[in-house]
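Structure incoming, see below.
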Amino acid sequence: MRDETPDWAKQLQEALEGVTDAFARAGPILTAQGAMGWAYQGEFDKAHAEIAKLPRKQIEILSMSARALAEMADQEARR
């Protein structure tokens with residue numbers, strides 16, 4: 001059976017698959033940024049709710065990143 005899908009449709013499908021992959025990769029980053037925003041505003045319950053949406057591996061990455069960011073902020077505060 002011959003594939004009769006036009007080239008433009010195949011190209012569109014490939015482009016959309018790329019966008020979908022990009023959104024999938026960006027999703028946890030945006031969730032983590034949202035949690036940081038809530039924490040920065042003192043909305044810790046909301047920050048926790050955002051963190052709870054992340055998979056365990058992403059929570060571990062967020063935790064490591066938060067420790068590094070806290071250390072950088074402490075260093076800057078000592079200047």
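Based on what the data block shows, is residue 42 modelled with pLDDT of 90 or more and at positive phi?
Numbers: modelled with pLDDT of 90 or more: yes; at positive phi: yes.
Yes; evaluated as a whole, the condition is true for this residue.
Consider the range 1-50. How many of its residues are exposed (fewer than 11 other Cβ atoms within 10 Å of the Cβ) and in a loop (DSSP other than H, G, I, E, B)?
Of the residues in the range 1-50, 8 are exposed (fewer than 11 other Cβ atoms within 10 Å of the Cβ) and in a loop (DSSP other than H, G, I, E, B).
Also, quick follow-up: Taking the condition exposed (fewer than 10 other Cβ atoms within 10 Å of the Cβ), in a helix (DSSP H, G or I) and of a type outside the set (A, V, I, L, M), does residue 76 pass?
The answer is yes for residue 76.
Still on this model: Considering only residues that are aliphatic (A, V, I, L, M) and within 12 Å of residue 36 (Cα to Cα), which ones fall in the range 56-69?
62, 66, 69
Answer with yes or no whether residue 12 is among the hydrophobic types (A, V, I, L, M, F, W, C) and under 19 Å from the mean Cα position of the chain (by Cα).
So residue 12 does not fit the description; no.
The values are calculated or read from the model by the stated rules, or taken from the named source; none is laboratory data. Since the structure is predicted, the reported quantities are computational estimates derived from the model, not experimental observations. Neighbour counts are summed over all protein chains in view; Cβ atoms, including those assigned to glycine, are modelled from backbone coordinates with ideal geometry.
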